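Okay, structure first, notes after.
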Amino acid sequence: MLIDTHAHLDFEDFEKDLDETVRRAIDAGVGIMINPGINVPSSRKAVAIAELFDCVYAAAGIHAHDVADCSPDVIDEIARIAEHPKVVAVGECGLDFFRNYAPRARQLEVFRDQVRLALRLGKPLVVHSRGAEEETLQVLTEERAELVGGVLHCFGGAPDQALRAQILGFVVGVGGTLTYPRSDRRDFVANVDIHSIVLETDAPFLPPEPHRGKRNEPAWLPLVAQKLAEAVSLPLDDVHRITSSTAEVLFRIGRAGSSHASCPSATAPRSG
């Protein structure tokens, strides 16, 4: 079984075929999907979707792009959403100094608020760190985020930064960019401990080869797993087992999880 640790099933891209998208993922061997929110409405919708499907979980957070007008009331609402039993993490939160859609000082402030929220709730973090890997690691270190750990989603940093993240109890998310012909991520994963890697699609973004230009979806995660197996010279079954085990332990789901985290083979949406 594979675990897609980052898929935005709440986005409007999936409104017309959400049931079919989840079914295709299950048929492809993706047994669990985690849907991170990017703001309050997105986080609420992520929880609603998680309530429909046993195999879907949610995270609640404010993305770096959405923090400009983030008030304490917004953080309080994220905290309330994050208390739901199917919310397994705080996020997607973090820093984006590549796009800079929000002032950097504000990004840092709201990121720290969400790290502190994760510590208060005892839940791991889903962290966005585009163009801000060093600053992200600094915040995580200063805020003692090692007490909860988490995943550095779509990590674009260097192997030494991944090692520092691992020391802090964080793993790195690897997705569709690993399959691109000119990707530097194959050299990256070859120099990183396989036990500190989890798989993700970032659906609907970053579709793997040969689907570039199309809407990404969790059913295509096996293509990432195959490329990872080739890059690290491991049998595909080992990559499935190791990455899924790492995700299960981090998010406390599946076989390594708590009692609420079962994912049965039957995946029809619940009525309600």
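Key figures
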item: Evaluation of R80 against (1) of a type outside the set (S, T, Y); (2) surrounded by fewer than 15 Cβ atoms within 10 Å (Cβ to Cβ); (3) over 30 Å from M1 (Cα atoms); (4) in contact with a helix residue (DSSP H, G or I) (Cβ under 9 Å, 6 or more places away or on another chain) (one fails), failing number; result: (4)
item: Per-region count, region 89-107, residues in contact with a helix residue (DSSP H, G or I) (Cβ under 7 Å, 6 or more places away or on another chain) and surrounded by fewer than 19 Cβ atoms within 10 Å (Cβ to Cβ); result: 3
item: Where V189 falls short, out of the listed (1) assigned to a strand (DSSP E or B); (2) over 30 Å from E15 (Cβ atoms); result: (1)
item: Region 166-191 residues that are farther than 22 Å from V139 by Cα and touching a residue at least 12 places away in the same chain (Cβ under 8 Å), paired with ones that are surrounded by fewer than 18 Cβ atoms within 10 Å (Cβ to Cβ) and aromatic (F, W, Y) (beta carbon under 9 Å, 6 or more apart); result: G175/F205; G176/F205
item: Some residue of region 175-198 being at negative phi, modelled with pLDDT of 95 or more, out of contact with any helix residue (DSSP H, G or I) (no Cβ under 8 Å at 6 or more places or on another chain) and crowded, with 18+ Cβ neighbours inside 10 Å; result: no
item: Conditions (1) surrounded by fewer than 14 Cβ atoms within 10 Å (Cβ to Cβ); (2) on the phi < 0 side of the Ramachandran plot; (3) not acidic (D, E); number of the one not met by I75; result: (1)
item: Every pair of residues 6+ apart whose Cβ atoms lie under 9 Å, when the first sits in region 152-163 and is touching a residue at least 60 places away in the same chain (Cβ under 8 Å) and within 15 Å of F98 (Cβ to Cβ) while the second is among the hydrophobic types (A, V, I, L, M, F, W, C) and buried (at least 22 other Cβ atoms within 10 Å of the Cβ); result: H153/V126; H153/V127; H153/V172; C154/V172; C154/V174
item: Out of Q107, Q138, Q114, sole residue that is assigned to a helix (DSSP H, G or I) and in contact with a Cys (Cβ under 8 Å, 6 or more places away or on another chain); result: Q114
item: Residue list for region 133-151, restricted to those being touching a residue at least 40 places away in the same chain (Cβ under 8 Å) and over 20 Å from V249 (Cβ atoms); result: E135, T136, V139
item: Tally of residues being part of a loop (DSSP other than H, G, I, E, B) and either touching a Cys at 6+ places or on another chain (Cβ under 7 Å) or in contact (Cβ under 8 Å) with a residue 60 or more places away in the chain (or both) across region 6-54; result: 8
item: Within region 141-152, considering residues that are assigned to a helix (DSSP H, G or I) and under 18 Å from the mean Cα position of the chain (by Cα), the one nearest to L168 (Cα to Cα); result: E146
item: Number of the exception - K123 against (1) part of a helix (DSSP H, G or I); (2) touching a residue at least 40 places away in the same chain (Cβ under 8 Å); (3) among the charged types (D, E, K, R); result: (1)
item: Options I75, I62; residue that is within 28 Å of I167 (Cβ to Cβ) and within 17 Å of the chain's Cα centre (by Cα); result: I62
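Here's the yes/no breakdown for (1) closer than 21 Å to H6 by Cα; (2) not hydroxyl-bearing (S, T, Y):
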| residue | (1), (2) |
| --- | --- |
| D66 | yes, yes |
| D73 | no, yes |
| L95 | yes, yes |
| F98 | yes, yes |
| R106 | no, yes |
| S129 | yes, no |
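The values are calculated or read from the model by the stated rules, or taken from the named source; none is laboratory data. Keep in mind it's a predicted model, so treat the numbers as computed, not measured. Note that each Cβ is placed from the backbone with ideal geometry, even for glycine, and that neighbours are counted across all protein chains shown.
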